[in-house]
1. Any residue in region 37-50 that is modelled with pLDDT of 95 or more and among the charged types (D, E, K, R)?
2. Which pairs do you get when a residue that is touching a residue at least 12 places away in the same chain (Cβ under 8 Å), found in region 68-87, comes within reach of a residue that is among the hydrophobic types (A, V, I, L, M, F, W, C) and exposed (fewer than 14 other Cβ atoms within 10 Å of the Cβ), reach meaning Cβ atoms under 8 angstrom, with the pair 6+ apart or on two chains?
3. Could you tell me whether region 32-45 includes any residue that is of a type in the set (S, T, N, Q) and touching a residue at least 12 places away in the same chain (Cβ under 8 Å)?
4. Within region 37-58, restricting attention to residues that are hydrophobic (A, V, I, L, M, F, W, C) and within 14 Å of Ser26 (Cα to Cα), which residue is farthest from the chain's Cα centre (by Cα)?
5. Which condition breaks for Ser54 when tested against (1) among the small types (Gly, Ala, Ser); (2) assigned to a loop (DSSP other than H, G, I, E, B); (3) surrounded by 13 or more Cβ atoms within 10 Å (Cβ to Cβ)?
Amino acid sequence: MTEMNFRSCSFLLSHVQRILDFYDKSVDPEGGFYHCYKDDGTVYDSHTRHLVSSTRFIFNYAKGYLYFGKDDYLKRTRHGLDYIRNTHRNPKTG
């Protein structure tokens, strides 16, 4: 097992990449992201969504795109933004 050195840039980038890889199955084709996972990545609740969690996915994928340049991360960022605009956002109050 690799030593966890949170002061090492290479360790941190590798750690972030592993976290993003864990959430490969996070995209809900119907919109947004699945939020409720078991440790093995299995989705146990495909309906519950929270605004804060949705924005975390967007932030993480946007930063992942900036660091790693993977087009899938940019697509997921846009997918999440669409969900916020169309589902989380209240058209009357914002």
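The values are calculated or read from the model by the stated rules, or taken from the named source; none is laboratory data. The shown structure was predicted, so the numbers you read here are calculated from the model rather than taken from an experiment. Cβ coordinates were reconstructed from backbone atoms using ideal geometry, including for glycine residues, and neighbour counts include every protein chain displayed.
1. Yes, the conditions are met somewhere in region 37-50.
2. These pairs meet every condition: Ile84/Leu51.
3. So far as region 32-45 goes, no, none of its residues is of a type in the set (S, T, N, Q) and touching a residue at least 12 places away in the same chain (Cβ under 8 Å).
4. Looking at the filtered set, the residue picked out is Val43.
5. (2)
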